[in-house]
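Visitor: I have a structure I would like to understand better, so I am pasting it below and will then ask my questions one at a time.
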Amino acid sequence: MARFLFSRFLQSVIVLLVMSFVIYGLIGLMPGDPIDLMITADPKITAMDAAHLRELYGLDESIIKRYVYWLSAAISGDFGFSRLYAQPVLPVMWSAVLNTIILLGSSFALALLIALPLGIVAAMRARTCLDYGVNMLAFAGISIPQFWLALMLIIVFAVVLGWLPAGGTAAAAGVEGFWENGRYLILPVISLTIASVGTHTRYMRASMIETLRQDYIRTARAKGLSEWQVVIGHALRNAMIPVVTVIALDFGYLFSGALMTETIFSYPGMGKLIFDSIMGNDFNLALIALLFATALTLCGNFLADVAYVALDRRISLAELSE
Amino acid sequence: MMRYLTVVFMLILTALPYTAAKAKDQLVIGITQFPSTFHPNIDSMLAKSYILAMTRRPFTVYDVNWKNICLLCTKLPTMENGLAQRKTTPDGKNGVAVSYTIHPKATWGDGTPVTTKDVMFTWKVGRHKQSGVGNIEFYRSLYKIDPVDEKTFTLHFDKLTFEYNSIGGFNLLPAHLDEKNFADPLSYKNRTAFDTDTTNPGLYFGPFRIDEAIAGSHVVLVPNDTWYGAKPHFKKITVRVIENTAALEANLLSGGIDMIAGELGLTVDQAVNFEKRHGDKFQILYKPGLIYEHIDLNLDNPILADKRVRHALVYAIDREAISQRLFGGRQPVAHTSVNPLDWVYAEDIRQYPYNPKAANRLLDEAGWTARHKGIRYNTKGERLRLEIMTTAGNRSRELVQQVMQSQWKAVGVDVRIKNQPARVFFGKTVTERLYTGLAMYAWISSPESVPRTTLHSGHIPNADNNFAGQNYTGFKNSEMDALLEIIETELDRTKRQKLWHTLQRIYANELPVIPLYFRANPYVIPKWLTGIVPTGHQYPTSHWVEKWKSK
């Protein structure tokens, strides 16, 4: 166990270091810096002003030097200031992380609650009308463009029926309370849930069909167990292994936000924050936000490994660390 | 794909009912951008100007008639009233001393009077190289300030220009709150109270103060008890940020917001479509302004170096029809970079109405006579082919580009579209003059803005000057250079107007740039709201927020 933990920790540190350099370098390689954008918008900025501003923001240094400065400061706990929000990076990010956890966490949980039973039922009734119906709904969910779906939800529930707000947060509307906060989440959560239910249903169905073909399932059935007993007691644990991998990968996505949904619903989450920080050359914020998402993906994979062991006793942590 | 979805969305919206507006002592405004800082002198950003204009007042602004007036000062200094005087600087330059008096009742929101102490602190911050304040040229030129008393002071500039009494960019900072944060100038931009304590009433002296600011989401403004002017009508104004314009429209229709600010809202084509569907339920005001859409021509390209080709390119496009069909005629065709609302605008300059015959004649004269499959060739067998670039994803520009491409093809010019993301286009292609033919974008200026950096031959970016300067066309004209040198320092309005007319005449004759139109800002306002008068220049309507009322 200790070996597994140490090995995973070391791997994670290396991955994060490499990723920090790659992300910093990629953002730095993008053409144009904030001062260039300022110049093209305002013909009154002189060349001297531009040079001075570049020096002030450290943009006149090489990308390697800037990265080394950043890394040494980050190691000492100073993650710097966000250029776009004029605040320290961590408070800016935490507020977005919290919003994202609420939004994506709710939709993720809801999607799993719907998708897993649907996938199991579809697998149990493979090639029946029920299976075709579930598949059709799953494909519809996967193929409906999120942008369009979000706008349609706004039109129907906010504009036509007037039941729910068109976007934003309860705080932005100056209202408070659990129900009010919830009202502002309903449409974005539905929009995200519909998009991910299809994918998870398809994974669950495929994995369950594969498992139900195994010899030990045939043995279980031969023992006279009911179909539900076979599925829940014997097939589900093994069928969940590939699904857990997908869920683990989604864990990082959970914290990197949903750009399209957040933009349409004016929801201040991580997706929008990361996009704006990259486009606005906010190196500090972009780096920390992306590294945070990377760290959580690694964390999700770690949890997936632990889940594999719990689901399948034949797998050991020592084996996974090799 | 997105474009079609938006169209479908717009069509569906057509059939939708409109829901009632909110209570009328509160106003919710939708804009598309959140300010990166609330510090009035760091970074220049329209979202920030829009919000801060409700909370503080600059000394001078251009009013709705584009006239320079006092807001925080009591009397506009001029040479005639003696408040401005010519002075020679200690190093022998022709300078000017300008005296202002702060409004006697001006008081910060925490009860501290606005005084010359704040003026001195603002100057100290602005002049410091590490403070991060923009408008560096202004502070470089402002070499001395003499405080006369608590409310009166004299500014000394080392250069006498016609704009000597326009100090709209000199925004006061509260010395009593922010001086301690300036102890370390390098970290000031991160420590300023405007960003660390944004809701402190002592930062504001306008009709409103910021009561809540949630990054990326919204700003809540409430009346400022120490405001010395007319009492504002609204008890609360919320500025909500909704970046997607389709969502902005949906929020307006569902009652989530009351109005869409013209400064940072819909584009003209979106507003024209919105007006067709919901024009009876809202007031929609269009104000052409100082955003000058144009096409830079790379004059190093031998084809474009020929003035006849440049003239032909303008004659070949029907800018009036483009404006009518795509923008409902709301964006007037530009003939030079000077807006017709500017008092220095010249009406008697050469104009280029749609005239394909003239375009064909000029191209023939320029030697592009042979035709193969409709495209012109010269005697050397070279094809008349040019590239046009703009910001990819900007729907209005892409539409205009496609119309122009077909109109140019009709006169035998093969124009290929090669668009790039804004970051690449502005970050590299335009600034380093890497475009080979035509580059379409916009300049934002101010009333009577001298186009020195865009037309003077000393401002052509190249590798030797580290790509400094904004004369991206590579225009070189000695007469224009001389005009640009003297126009700034000519104080006599009649003489200056003549100089401006000459400048516009050269511009229209030489045509280093194809003028397209002046972009208009569409304001979508509820019918119950009165008092919003669009300005068309860089000072937003919110500078007069206390005049906004509900019927």
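Visitor: Please state which of the following conditions A:Pro91 fails to meet, knowing it meets all the rest: (1) surrounded by fewer than 16 Cβ atoms within 10 Å (Cβ to Cβ); (2) within 11 Å of chain B (Cβ to nearest Cβ); (3) in a loop (DSSP other than H, G, I, E, B).
Guide: For A:Pro91, the failing item is (3).
Visitor: Right, next: Of these, B:Val403, B:Val430, B:Val413, B:Val424, which one is of a type in the set (Val, Ile, Thr) and surrounded by fewer than 18 Cβ atoms within 10 Å (Cβ to Cβ)?
Guide: B:Val403
Visitor: Right, something else. Answer yes or no as to whether A:Ile288 is within 14 Å of chain B (Cβ to nearest Cβ), open to solvent by 10 Å² or more (accessible area, probe 1.4 Å) and either without any contact (Cβ under 8 Å) to a residue 60 or more places away in the chain or not basic (Lys, Arg) (or both).
Guide: no
Visitor: Scan the range B:404-412 and tell me whether some residue there is facing chain A (nearest Cβ under 9 Å), among the aliphatic types (A, V, I, L, M) and within 17 Å of B:Leu516 (Cα to Cα).
Guide: So far as the range B:404-412 goes, no, none of its residues is facing chain A (nearest Cβ under 9 Å), among the aliphatic types (A, V, I, L, M) and within 17 Å of B:Leu516 (Cα to Cα).
Visitor: Can you tell me which of A:Ala172, A:Ala140 is in contact (Cβ under 8 Å) with a residue 12 or more places away in the chain and touching a strand residue (DSSP E or B) at 6+ places or on another chain (Cβ under 9 Å)?
Guide: Going through A:Ala172, A:Ala140 in turn, just one is in contact (Cβ under 8 Å) with a residue 12 or more places away in the chain and touching a strand residue (DSSP E or B) at 6+ places or on another chain (Cβ under 9 Å): A:Ala172.
Visitor: So which pairs qualify, if the first residue must be in the range A:54-76 and closer than 26 Å to B:Ala468 by Cβ and open to solvent by 50 Å² or more (accessible area, probe 1.4 Å), the second must be hydroxyl-bearing (Ser, Thr, Tyr) and in a helix (DSSP H, G or I), the Cβ gap must be under 8 Å, and the two must be at least 6 apart or on different chains?
Guide: Going by the 8 Å Cβ cut-off, the qualifying pairs are A:Glu61/A:Tyr69; A:Ile63/A:Tyr24.
Visitor: May I pose another question? So, in the range A:120-175, how many residues would count as being in a helix (DSSP H, G or I), more than 7 Å from chain B (Cβ to nearest Cβ) and either aliphatic (A, V, I, L, M) or open to solvent by 50 Å² or more (accessible area, probe 1.4 Å) (or both)?
Guide: 25
Visitor: Ok, one more. Filter the range A:77-88 down to the residues that are in contact (Cβ under 8 Å) with a residue 24 or more places away in the chain and either more than 11 Å from chain B (Cβ to nearest Cβ) or out of contact with any strand residue (DSSP E or B) (no Cβ under 8 Å at 6 or more places or on another chain) (or both) and list them by number.
Guide: The answer is A:Phe79, A:Arg83, A:Leu84, A:Tyr85.
Visitor: All but one of (1) over 30 Å from B:Asn521 (Cα atoms); (2) outside any helix (DSSP H, G or I) hold for B:Ala312; state the number of the condition that does not hold.
Guide: Evaluating B:Ala312 over (1) over 30 Å from B:Asn521 (Cα atoms); (2) outside any helix (DSSP H, G or I) leaves (2) as the failure.
Visitor: So, in the range B:286-319, how many residues would count as being open to solvent by 40 Å² or more (accessible area, probe 1.4 Å) and modelled with pLDDT of 95 or more?
Guide: 5
Visitor: Please give the helices (runs of 4 or more DSSP H) falling wholly within the range A:233-322 in which 3 or more residues are under 26 Å from A:Ser72 (Cβ atoms) and modelled with pLDDT of 80 or more.
Guide: Ranges flagged: A:270-279, A:283-311.
Visitor: Would you pick out the residues in the range A:53-88 that are at pLDDT 85 or above, among the polar types (S, T, N, Q) and assigned to a loop (DSSP other than H, G, I, E, B)?
Guide: Within the range A:53-88, A:Ser76 is the sole residue that qualifies.
Visitor: In the range A:7-52, how many are of a type in the set (Ser, Thr, Tyr) and modelled with pLDDT under 75?
Guide: Counting residues in the range A:7-52 that are of a type in the set (Ser, Thr, Tyr) and modelled with pLDDT under 75 gives 2.
Here is a yes/no grid of residues against (1) within 22 Å of B:His103 (Cα to Cα); (2) under 29 Å from the mean Cα position of the chain (by Cα):
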{"position": "B:Ser141", "(1), (2)": "no, yes"}
{"position": "B:Leu155", "(1), (2)": "yes, yes"}
{"position": "B:Asp158", "(1), (2)": "no, yes"}
{"position": "B:Leu177", "(1), (2)": "yes, no"}
{"position": "B:Asn181", "(1), (2)": "no, no"}
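Visitor: Among the strands (runs of 3 or more DSSP E) contained in the range B:121-233, which hold 2 or more residues that are open to solvent by 30 Å² or more (accessible area, probe 1.4 Å)?
Guide: Filter on the range B:121-233 gives B:142-147, B:208-214.
Visitor: Here are some conditions: (1) within 22 Å of B:Tyr523 (Cα to Cα); (2) among the polar types (S, T, N, Q); (3) in contact (Cβ under 8 Å) with a residue 24 or more places away in the chain. B:Asn301 meets all but one. Which one does it not meet?
Guide: (1)
Visitor: While we're looking at this one, here's another question. Just the residues that are touching a residue at least 60 places away in the same chain (Cβ under 8 Å) and either facing another protein chain (nearest Cβ under 7 Å) or in a helix (DSSP H, G or I) (or both), please, taken from the range B:245-260.
Guide: Those that are touching a residue at least 60 places away in the same chain (Cβ under 8 Å) and either facing another protein chain (nearest Cβ under 7 Å) or in a helix (DSSP H, G or I) (or both): B:Thr245, B:Ala246, B:Leu248, B:Glu249, B:Ala250, B:Asn251, B:Leu252, B:Leu253, B:Ser254, B:Gly256.
Visitor: Which of the residues spanning the range B:327-372 are surrounded by 20 or more Cβ atoms within 10 Å (Cβ to Cβ) and basic (Lys, Arg)?
Guide: Within the range B:327-372, B:Arg330 is the sole residue that qualifies.
Visitor: Out of the residues in the range B:101-120 that are closer than 20 Å to B:Leu155 by Cα and assigned to a strand (DSSP E or B), which is most open to solvent (accessible area, probe 1.4 Å)?
Guide: Out of the qualifying residues, it is B:Thr101.
Visitor: Which residue, of B:Asp25, B:Asp91, B:Asp63, B:Asp43, is within 12 Å of another protein chain (Cβ to nearest Cβ) and among the acidic types (Asp, Glu)?
Guide: So the residue among B:Asp25, B:Asp91, B:Asp63, B:Asp43 that is within 12 Å of another protein chain (Cβ to nearest Cβ) and among the acidic types (Asp, Glu) is B:Asp43.
Visitor: Restricting to the range B:430-447, name every residue that is part of a loop (DSSP other than H, G, I, E, B) and within 22 Å of B:Ser396 (Cα to Cα).
Guide: Within the range B:430-447, B:Val430, B:Tyr435, B:Gly437, B:Ser445 qualify.
Visitor: Quick check on the range B:44-51. Is at least one of its residues over 19 Å from the mean Cα position of the chain (by Cα), open to solvent by less than 40 Å² (accessible area, probe 1.4 Å) and closer than 30 Å to B:Ile214 by Cβ?
Guide: No: zero hits.
Visitor: Right, another one. For residues that are small (Gly, Ala, Ser) and without any contact (Cβ under 8 Å) to a residue 24 or more places away in the chain, tally how many sit in the range A:207-245.
Guide: Summing the residues that are small (Gly, Ala, Ser) and without any contact (Cβ under 8 Å) to a residue 24 or more places away in the chain in the range A:207-245 gives 5.
Visitor: In the range B:441-468, what count of residues is obtained for those that are within 14 Å of another protein chain (Cβ to nearest Cβ) and either among the polar types (S, T, N, Q) or farther than 24 Å from B:Arg519 by Cα (or both)?
Guide: 17
Visitor: Considering the range B:84-100 alone, what residues qualify as being in contact with a Ser or Thr (Cβ under 6 Å, 6 or more places away or on another chain) and open to solvent by 20 Å² or more (accessible area, probe 1.4 Å)?
Guide: If the condition is that a residue be in contact with a Ser or Thr (Cβ under 6 Å, 6 or more places away or on another chain) and open to solvent by 20 Å² or more (accessible area, probe 1.4 Å), then B:Ser99 is the only one that fits.
The values are calculated or read from the model by the stated rules, or taken from the named source; none is laboratory data. Just so it is clear, the model here is predicted, and its values are computed rather than measured. We place every Cβ from the backbone using ideal geometry, glycine too, and count neighbours over all the protein chains shown. For the accessible areas, the whole protein counts, side chains as well, though only heavy atoms, and no ligand, DNA or RNA atoms are used. Shrake-Rupley method; radii C 1.70, N 1.55, O 1.52, S 1.80 Å.
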